[in-house]
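Trainee: I'd like to ask some things about the structure below.
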Amino acid sequence: MGIDSRWLYTGLVGLVAAERAVELLIARRNNRWLAAHNGVELGADHYRWMVLLHSVFLVACVAEVWLLERPLVPPLAVSMLLVLAAAMSLRYWVIGTLGNRWTTRVICLPGEPLITTGPYRALRHPNYLAVAAEILALPLVHTAWLTALVFSFANAWVLRARLGVEEEGLQRT
């Protein structure tokens, strides 16, 4: 008997959760840097909904796989792992490009020029493409299609508010 793939999947989700925790530490450090450089936070009201969405998402991924006994479909798992890796690569490219200006909140630096290098040469909001891809791909690694569907729609709802706030911030710079 081999190992139950659900345990491996749970470990993968745990690794993604650990990655998110590291990102929150980076964001906290960058928030302090931005505050020290007169950064102005916008739209803090939506932030709690975004945190809730991402927290419940990780739990739902694992819960659906275990409670609804979702099977592992190797071709789907491999393709979704590739999408997940590409999304994470895009996010790290964003973090590297923005440097101290990257955060999970919307904090603008009035008077500073917009970043137009890295992925920003091609996309206005590349991090949200990465997030949308992760929210679709991570559950589908183990056929948790319900989580992929529900949280993709929920993410679109949260991003609708978030993008409005971001666009306001971009107009201020």
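Trainee: Please indicate, with yes or no, whether at least one residue in segment 2-12 is at pLDDT below 95, outside any helix (DSSP H, G or I), exposed (fewer than 14 other Cβ atoms within 10 Å of the Cβ) and out of contact with any Phe, Trp or Tyr (no Cβ under 9 Å at 6 or more places or on another chain).
Mentor: Yes, segment 2-12 contains a residue that is at pLDDT below 95, outside any helix (DSSP H, G or I), exposed (fewer than 14 other Cβ atoms within 10 Å of the Cβ) and out of contact with any Phe, Trp or Tyr (no Cβ under 9 Å at 6 or more places or on another chain).
Trainee: Taking the condition farther than 15 Å from L53 by Cα, basic (K, R), surrounded by 14 or more Cβ atoms within 10 Å (Cβ to Cβ) and in contact (Cβ under 8 Å) with a residue 40 or more places away in the chain, does R172 pass?
Mentor: no
Trainee: Quick check on my filter: what residues within segment 100-118 are in contact (Cβ under 8 Å) with a residue 40 or more places away in the chain and in a helix (DSSP H, G or I)?
Mentor: N100, R101
Trainee: Then there is this: Mind telling me which of the residues R91, R160 ends up being assigned to a helix (DSSP H, G or I) and surrounded by fewer than 19 Cβ atoms within 10 Å (Cβ to Cβ)?
Mentor: Answer to the selection: R160.
Trainee: Now a separate question. Looking at segment 51-60, can you tell me whether even one residue there is closer than 19 Å to R20 by Cα, crowded, with 16+ Cβ neighbours inside 10 Å, aromatic (F, W, Y) and touching a Phe, Trp or Tyr at 6+ places or on another chain (Cβ under 6 Å)?
Mentor: yes
The values are calculated or read from the model by the stated rules, or taken from the named source; none is laboratory data. Worth saying up front: this structure is predicted, and the values here are computed from it rather than measured. Every residue, glycine as well, gets a Cβ built from its backbone with ideal geometry; the counts of neighbours run over all protein chains shown.
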